[in-house]
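What follows is a set of notes on a single structure, which appears directly below.
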Amino acid sequence: MTQRPSILVARAIFPEVVARLREHFDVETNDTDAPFTPAQLAERLQGKVGVLTTGSERVDAGLLAACPQLRVVANIAVGYNNFDVPAMTAAGVLATNTPDVLTETTADFGFALLMATARRVTESEHFLRAGLWTKWALDMFAGAEVHGSTLGILGMGRIGQGIARRGAHGFGMKVVYHNRSRLDAASEAACQARYVSKAELLQQADHLVLVLPYSAESHHAIGATELAQMKPTATLINIARGGIVDDAALAVALRERRIAAAGLDVFEGEPKVHPDLLTVPNVVLTPHIASATIATRKAMANLAADNVIAFLNQGQPLTPLNPEVLPKELRA
Ligand code: DGY
């Protein structure tokens, strides 16, 4: 009997997805769900041809050199800044991610965070829970208008366009965006979005939502200089990646009310959060949950599993990031 390929699932996922993988492979799981250290990950990957990862597992040249049998790494995330894709390509290792299945869910959450931030939902809830509500007042927790305001979007991929559609069609917002490349006219029309420079975006947005991928170029794309260009009444929402915002500079801007408020789902060095952000009241903080509905997280885990199954069984993954590692005839 030929030996079945062995794979690793690096973090706890849904049992039914593990069961699907077990129909094809010998599967080792991480039952404690504690993220592996790089050394533990390398050790657990010995003899494995595939692995399902999340953003907490770094895949770089060092790991690849230590795991020469590895052929495919499937991230259960659309973002893949935990991958060194050129190193994976050089090692002939396929990388995949989970686009599309989380777009609308993540856009929903971007809007939820925008609303909570503009309308001071968590700040006022803390006040109530602390027993401080003794009388109603006309200006109590008066926040910023959402409907009819200007929505700014930095990074206009699928999720950015989902947020733009919600703002334009649902809330009558004027939408401006900046992106590495401008959308085609039909996509701009569908989102009722106008392309502007980054400086114009910072100056015009009442609510600025960050939805760009993290890279060396986008590191601290929003720092003290950019925050100083925003309106003092503006809110900033980050559902993209930690490190895109200089969290220390943001905490100062929030404390000094140089912008009105922020909503953050991602943080530099998460799960650690800059201590100054924990002490300013005008920030809504959530633990990287923008795509977290049961249906969407299952869809993400299933797509990662499907990538590994399709690649190891037929050589043809569904959502490859480096199709150049595939034989020419299989590249989409
Ligand atoms: C993603 O899919 O990139 C989300 O941020 C979850 O990691």
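The values are calculated or read from the model by the stated rules, or taken from the named source; none is laboratory data. These numbers come from a predicted model, not from an experiment. All Cβ positions, even for glycine, are placed from backbone atoms using ideal geometry, and neighbour counts span all protein chains on display. Protein only, heavy atoms only, side chains kept; ligands, DNA and RNA dropped before computing areas. Shrake-Rupley method; radii C 1.70, N 1.55, O 1.52, S 1.80 Å.
When each of the peptides 261-272, 318-329 is scored by the mean number of other C-beta atoms lying within 10 Å of its residues, the order from highest to lowest reads 261-272, 318-329. Given a 1.4 angstrom probe, I'd like the percentage of the accessible area of region 146-283 that is carbon and sulfur, rounded to a whole number. Carbon and sulfur together cover 55 percent of it. Taking the accessible area of region 1-122, probe 1.4 Å, and keeping the other protein chains in place, the carbon and sulfur fraction comes to 55%. For region 239-314 and region 143-174, write down the distance between their C-alpha centroids in whole Å. Taking the Cα centre of region 143-174 as reference, the centre of region 239-314 is 19 Å away. The trypsin sites (Lys or Arg not before Pro) of region 40-108 meeting both criteria, a DSSP state outside H, G, I, E and B (loop) and at most 16 other C-beta atoms within 10 angstrom of the site's C-beta, are Arg58. With the biggest extent put first, the Cα atoms of region 103-285 measure 53, 34, 29 Å across the principal axes. The residues of the chain expose on average 47 square angstrom of accessible surface per residue, using a 1.4 Å probe on protein heavy atoms. Seen against the Cα atoms of the chain and their longest principal axis, helix 103-118 is set at about 30 degrees.
Over the Cα atoms of the chain, the radius of gyration divided by the Kirkwood radius equals 1.02; this is the Rg/Rh ratio.
Taking the accessible area of region 284-332, probe 1.4 Å, and keeping the other protein chains in place, the carbon and sulfur fraction comes to 59%.
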